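Have a look at the structure below before the remarks.
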Amino acid sequence: MTTGCPAHVGVIMDGNGRWAEKHGLPRSAGHKKGAEAMEALIKYAEKNTDIKYLTFYAFSTENWSRPKDEVKSLMSLFDTYLDRLIADKDRHDTALRFIGDRSVFSETIRDKMSRAERKSGDDKKLTVFIAVNYGGRNEIAAAAKSLAADVKSGKKTDEITEKDISDRLYAPEAPDADLIIRPSGEKRLSNFLLWQSAYAEFWFDDVLWPDFKGSDLIRAVEEYKNRSRRFGGI
Ligand code: FPP
């Protein structure tokens with residue numbers, strides 16, 4: 001039995017640094033090119049696939065340990081992207097949301113994130129989640145913390161179900177991930193969508209993220225369609 005188009009695809013945008021090195025450019029140029037690849041892929045997916053949710057791993061809770069200059073260039077890229085989203089006069093074809101712990105960002109950035117989200121609207125054919133200061137363990141811990149508070153205040157009984165956790169994730173409206181894509185030859189999850197990937201299929205490839213195109217997405221989706229998903233059954 002084969003599977004239809006994945007509803008929710010997660011993408012680990014890896015290989016920006018190696019792409020830059022290969023082209024004799026600073027790492028920041030790799031991230032810039034990576035951000036362009038992300039924007040192009042969003043447009044492509046919206047027009048050419050039936051994917052309903054796309055989640056991009058842009059900055060992890062662990063990425064703060066990178067050299068100061070690199071963190072600065074990633075944050076500046078993010079800030080410019082937000083400004084562009086807010087200023088964009090075109091109709092937004094996709095609903096855009098940010099997932100992750102926003103508390104570390106300045107009020108100005110948090111405000112821009114909310115404005116960009118509101119501007120993109122909802123009820124679109126495609127919803128894009130961009131994970132910034134995101135960590136899967138951090139997300140589950142935050143859900144557990146919120147659950148504990150609800151039990152303590154009597155808002156909830158101590159009968160804890162999986163749904164109680166799912167409902168408290170950063171994007172409770174998103175279904176579990178069906179397919180996780182990781183380019184650049186690495187084969188690990190790196191704290192991305194831990195809860196949501198319980199039954200996800202994985203697709204790995206050597207292409208570096210800045211070179212990733214619509215045709216690579218199609219290759220991943222086609223391979224996914226030929227996988228047999230059993231969810232623990234037979
Ligand atoms: C991993 O590649 C990539 C990142 C840590 C950053 C990903 C971010 C982007 C593509 C930009 C997103 C931009 C916006 C505007 C949301 P790496 O640097 O670890 O590459 P390497 O393993 O080859 O060194």
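The values are calculated or read from the model by the stated rules, or taken from the named source; none is laboratory data. Please read these numbers as outputs of a predicted model, since none were measured by experiment. Positions of Cβ are generated from backbone atoms using ideal geometry, with glycine treated the same way; all protein chains shown enter the neighbour counts.
Listed values, structure above:
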| quantity | calculated |
| --- | --- |
| Only one of Pro175, Pro183 that is in contact (Cβ under 8 Å) with a residue 40 or more places away in the chain, under 24 Å from Tyr53 (Cα atoms) and loosely packed, with under 15 Cβ neighbours inside 10 Å | Pro175 |
| Positions within the stretch 179-234 being in contact with a Leu (Cβ under 7 Å, 6 or more places away or on another chain), in a loop (DSSP other than H, G, I, E, B) and within 25 Å of Arg168 (Cα to Cα), in sequence order | Trp195, Ser197, Ala200 |
| Residue within the stretch 12-35 that is touching a strand residue (DSSP E or B) at 6+ places or on another chain (Cβ under 6 Å), more than 30 Å from Arg230 (Cβ to Cβ), part of a strand (DSSP E or B) and not small (Gly, Ala, Ser) present | no |
| Tally of residues being free of Cβ contacts under 8 Å to residues at least 40 places away in the same chain, within 24 Å of Ala141 (Cβ to Cβ) and of a type outside the set (Phe, Trp, Tyr) across the stretch 76-103 | 2 |
| Breaking point among (1) closer than 29 Å to Pro172 by Cα; (2) touching a residue at least 60 places away in the same chain (Cβ under 8 Å); (3) buried (at least 21 other Cβ atoms within 10 Å of the Cβ); (4) near the ligand (Cβ under 10 Å from one of its atoms), for Trp19 | (1) |
| Selection within the stretch 104-115 - of a type in the set (Gly, Ala, Ser) and modelled with pLDDT of 95 or more | Ser114 |
| Test: Val11 is within 11 Å of the ligand (Cβ to nearest atom) and in contact (Cβ under 8 Å) with a residue 60 or more places away in the chain | yes |
| Test: residue in the stretch 157-169 that is among the hydrophobic types (A, V, I, L, M, F, W, C), under 22 Å from Tyr57 (Cβ atoms) and modelled with pLDDT of 95 or more | yes |
| Residue in the stretch 72-87 that is closer than 30 Å to Arg219 by Cα, surrounded by fewer than 21 Cβ atoms within 10 Å (Cβ to Cβ) and not hydrophobic (A, V, I, L, M, F, W, C) present | yes |
